[in-house]
Structures are given as C-alpha cells and as structure tokens.
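Chemist: Here you go, one structure.
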C-alpha cells in the first residue's frame with residue numbers, strides 16, 4: 001500500500017473562459033468543482049494507475065464536508081483527521097492561452113490536531129510499503145514535521161518520497177528520505193546555488209543528495225527533468241514529451257504518483273521516473289488537476305520520455 005500524506009487539501013474550482021482579460025468582466029463557459037491539493041492529486045493518479053493507495057489528510061468546515069463527500073467517490077482509501085480550520089478553496093482560471101491560479105493558504109492546526117495527525121500516521125505507516133509526503137504543511141505543525149515523519153517511517157523500514165520546500169524540505173533531507181522530487185527553484189533555494197546553467201544544476205543536485213536522500217528528481221516545467229543518485233554516480237537529463245496542454249496544474253503531483261507506483265511495483269528508479277514523466281504530461285492534457293487518462297499515459301510512456309543526456 002502507498003500512504004500519501006497531504007495536509008493542505010483544497011476544494012478546487014476550475015473555470016474555463018474563451019478569453020481572459022484583466023480588469024474586465026470575464027464570464028466562464030464551464031465550471032468544475034472537485035477535491036484537490038497535492039496529496040489528493042497524488043492519491044487519485046496513483047489509484048488510476050491501479051495502485052493500492054491510502055490518503056491521510058485533514059478537513060474542516062463547510063468546504064471540508066464537500067471535500068470528504070467528494071473523496072468518498074474516489075477509488076482510494078482515506079483517513080481524514082477533522083480540524084477546526086476551514087478547508088481552503090483554490091481556483092484555476094483557464095483562458096488567454098494559459099492557466100492562472102488563485103491559491104488560498106491552509107488554516108493553522110492546533111496542538112491537539114497535530115497530535116491526532118501524528119497518531120494517525122503512525123497507525124497507517126505500519127501498513128504501508130511506501131510513504132509519500134507532499135505539499136505545504138499548515139502552521140502549527142512545526143518546521144520539522146516532515147523530518148519527524150521521515151524518521152518514523154525509516155524506523156519502520158518504509159521508504160519515503162518527499163515533495164516539499166523551505167524548512168520542511170531542508171530538515172527532512174537530514175533524515176535520509178529515499179527520494180526527493182522538487183523543481184528547479186526549490187533546488188536553488190535548498191542548496192543556495194543559482195541553477196540557471198546546467199553546470200550549476202549538476203553542482204546543486206549533487207549538493208542536494210549529499211544532504212541525505214538517496215535519489216533526487218528535479219523538474220523544470222515542461223523543458224526537462226533531471227535525476228541523480230548519490231555523489232559519484234550519474235545525473236540523467238530527460239526530455240518530457242510535447243503535448244497539447246489544457247491545464248498544467250497538478251502535473252508535478254501526477255509525476256510523483258507515477259514515480260511512487262513504479263517504485264512500489266519494484267521497478268528501477270529510471271523506469272519509475274519514466275512512468276512519472278509520462279503521467280505528468282498526461283495530466284496536462286486534461287482540464288482537471290490531478291487527473292490522467294490511462295490511454296494517454298500508456299501512449300506517452302511507450303514513446304517518451306527520451307533520456308537525452310548523461311551529465
């Protein structure tokens with residue numbers, strides 16, 4: 001079982017416009033509402049790929065009830081810790097040739113709620129073969145929250161994949177997660193290396209893996225994906241497939257789902273990254289975040305991505 005931990009879920013509204021003009025009245029041609037957030041997206045895509053998935057998250061207020069009801073319709077299990085803070089709402093505006101995100105931050109958790117989450121994690125991690133920690137952590141959890149979960153997972157012998165940033169990422173790295181997946185800007189912030197050039201990217205990536213993770217995967221939008229192991233081993237650059245994108249939001253989450261599923265199946269990191277890249281591209285082909293069509297993913301995975309360089 002893959003345990004996905006995402007404590008910043010969202011009630012997602014996606015509005016589609018024929019055109020989107022700032023400081024004007026813009027009338028949507030289509031509106032879709034669903035459960036989202038990085039953890040939800042990862043769990044949904046992994047479930048679509050046929051994996052046994054369980055999501056640990058939080059929910060509160062009226063939007064929390066909407067979230068819970070929608071999650072009940074999904075094909076994966078959930079463990080939802082009730083909290084006082086209202087579940088956030090996020091909106092994506094599609095139009096004008098791109099996607100605009102309006103993101104609300106998650107509410108603060110109380111010390112009791114944090115303990116409840118930790119207790120739930122301990123129970124669920126014992127049944128997991130792989131743990132995915134993804135997304136921002138609400139205020140009240142502490143900057144070492146993910147680090148504690150990584151340490152607990154390692155004590156149980158369960159490998160951890162993490163997608164985080166800032167203090168949560170830096171502190172978690174020291175506990176030795178199995179794999180870290182972040183983007184170029186997050187790599188630069190974590191290593192304090194300007195990653196504009198490929199040579200600097202290589203230096204930053206090697207510096208990152210020196211901090212503790214066995215593997216690192218770095219995304220750069222639709223341009224490229226870099227993967228590296230411990231110092232002294234190769235760094236691989238991948239070229240993702242070019243697709244007609246409808247909505248790129250959630251593609252990083254879909255990629256993480258693909259990597260997790262590949263690893264849980266016993267595939268090599270190389271093959272898991274290949275699957276992840278195909279899932280990320282397939283997500284961009286749909287209007288909803290965290291959604292892939294199996295036919296798209298299978299086609300992309302059979303022909304792409306291309307491993308174009310070893311640096």
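Coordinate-derived values only; no laboratory data. Everything numeric in this text was worked out from a predicted model, so none of it was measured. Here the Cβ is made from the backbone with ideal geometry for all residues, glycine too, and neighbour counts use every protein chain on show.
Chemist: Can you list the equivalent-ellipsoid semi-axes of segment 154-309, largest first and in whole Å, using the square root of 5 times each Cα gyration tensor eigenvalue?
Modeler: 24, 17, 15
Chemist: Given labels modelled 7 Å from the Cα in the Cβ direction, how far is it in nm from residue 29 to residue 72?
Modeler: 3.5
Chemist: So, by mean Cβ neighbours within 10 angstrom, what's the order for 89-96, 146-153 with the highest one leading?
Modeler: In decreasing order of mean packing, 89-96, 146-153 become 146-153, 89-96.
Chemist: When the chain is fully extended, how far beyond the present Cα-Cα distance does residue 111 get from residue 154, taking 0.36 nm per residue of separation?
Modeler: Here the answer is 13.1 nm.
Chemist: Also, quick follow-up: Quick check: the distance between the Cα centres of segment 120-145 and segment 239-285, to the nearest angstrom?
Modeler: Using only Cα atoms, the two centres lie 22 Å from each other.
Chemist: Another question about this same structure. To make sure I understand, if each residue's beta carbon is the centre and we count other beta carbons within 10 Å, what order do 294, 66, 133, 275 fall in, fewest to most?
Modeler: Exposure proxy ranking, most exposed first: 294, 66, 275, 133.
Chemist: Something else about it: Give me the number: length gained by fully extending residue 223 to residue 123, i.e. 0.36 nm times residue separation minus the C-alpha to C-alpha distance, one decimal in nm.
Modeler: 32.0 nm
Chemist: Does anything in segment 7-40 have its amide N under 18 Å from the 7 Å Cα→Cβ label point of residue 89, and if so which residues?
Modeler: Of the residues in segment 7-40, 9-17, 26-37 have backbone N under 18 Å from the label point off residue 89.
Chemist: Please identify, among 300, 71, 102, the residue showing maximal mean-square fluctuation in a Gaussian network model of the chain using a 10 angstrom Cα cutoff.
Modeler: Highest fluctuation among the options: 102.
Chemist: Let me ask something additional. According to the square roots a ≥ b ≥ c of the eigenvalues of the Cα gyration tensor, what is the shape class of segment 113-231, taking rounded for a/c under 1.5, prolate for a/b larger than b/c otherwise, and oblate for the remainder?
Modeler: Cα axes put segment 113-231 in the prolate bin.
Chemist: Running Debye on segment 49-180 with equal point scatterers at the Cα sites and no solvent, what base-10 log of I(q)/I(0) appears at q = 0.11, 0.16 Å⁻¹?
Modeler: -0.44, -0.93
Chemist: Expressed in nm to one decimal, what extension gain is obtained for the pair residue 242 and residue 165 from 0.36 nm per residue of sequence separation less their Cα-Cα distance?
Modeler: Extra length available between residue 242 and residue 165 comes to 25.0 nm.
Chemist: A further question follows. Compute the whole-percent fraction of alpha carbon pairs in the chain spaced more than 34 Å apart.
Modeler: 17
Chemist: As a check on your grasp of the helix formula, calculate [θ] at 222 nm for the chain: sum -39500 (n - 2.57) over DSSP H runs of n ≥ 4, divide by the residue count, round to the nearest 500.
Modeler: Here the helix-only value at 222 nm equals -11500 deg cm²/dmol.
Chemist: Among rounded, prolate and oblate, which fits segment 149-215 when a ≥ b ≥ c are the square roots of the eigenvalues of its C-alpha gyration tensor, a/c under 1.5 means rounded, and a/b larger than b/c means prolate?
Modeler: prolate
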